[in-house]
1. Can you tell me which condition D35 does not meet? The list is (1) over 13 Å from the mean Cα position of the chain (by Cα); (2) under 15 Å from L14 (Cβ atoms), and all the others hold.
2. Confirm whether L36 is surrounded by 17 or more Cβ atoms within 10 Å (Cβ to Cβ) and in contact with a His (Cβ under 9 Å, 6 or more places away or on another chain).
3. Go through the range 72-128 and give me each residue that's part of a helix (DSSP H, G or I), touching a Leu at 6+ places or on another chain (Cβ under 8 Å) and in contact (Cβ under 8 Å) with a residue 12 or more places away in the chain.
4. What is the residue count in the range 7-25 for residues that are within 22 Å of L77 (Cα to Cα) and either within 16 Å of the ligand (Cβ to nearest atom) or not in a strand (DSSP E or B) (or both)?
5. Could you grab me the full set of residues in the range 27-71 that are within 16 Å of the ligand (Cβ to nearest atom) and assigned to a loop (DSSP other than H, G, I, E, B)?
6. Looking at the range 45-66, I want the residues that are surrounded by 17 or more Cβ atoms within 10 Å (Cβ to Cβ) and have a partner that is of a type in the set (D, E) with Cβ atoms under 7 Å, at least 6 apart or on another chain. Which pairs are those?
7. Given the condition surrounded by 13 or more Cβ atoms within 10 Å (Cβ to Cβ) and away from the ligand (no atom under 16 Å from the Cβ), answer yes or no: does some residue in the range 84-92 qualify?
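Quick note: the coordinates plus some simple rules give every number you see, no bench work behind them. Given the structure is predicted, the values throughout are model-derived calculations rather than measurements. In this analysis, Cβ positions are derived from the backbone assuming ideal geometry, glycine residues included, and neighbour counts consider all displayed protein chains.
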Amino acid sequence: MNASGSVKTRHRILYVEDNPANRKLVQHLLQRRADLELITANTGEQGLQIARDIKPNLVLMDLQLPGMSGYEVLAALQQDDGLKHVVAIALSANAMPSDIERGLAAGFRHYLTKPIRINELLEALDAVLDG
Ligand code: MN
């Protein structure tokens, strides 16, 4: 909060997730955070379009999506001049060490595994947004 009582910096987080329960959980989790604005997308295609429209500060990305995968969305972001520096965090049920290695190699800053752990997610968001 600044002197006038309004929120100084509001970070925009785009969450791309086809599972409504996960979208709801993250929405619920972040609604207490006045410094964060959460926008959700149900598909990779929609997520990419929204990213181009709103230029989020951070993208939280499910990897298994019905059309474009999270990897394909990340690759498209990396090829977009306006979005190639956006930080992306993977959030996936694929939790083998090789899955995590692949995600980090593709360019995800963090790779979080499902089920979503609240503290781990908040720590990753804060680490990215503070840095
Ligand atoms: Mn999914």
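1. Every condition holds for D35 apart from (2).
2. yes
3. Correct list: V73, A76, L77, G103, A106, I118, L121, L122, A124, L125, V128.
4. Counting residues in the range 7-25 that are within 22 Å of L77 (Cα to Cα) and either within 16 Å of the ligand (Cβ to nearest atom) or not in a strand (DSSP E or B) (or both) gives 8.
5. Across the range 27-71, the qualifying residues are N42, T43, L63, Q64, L65, P66, G67, M68, S69.
6. Correct list of pairs: D62/E17; D62/D18; L65/D18.
7. yes
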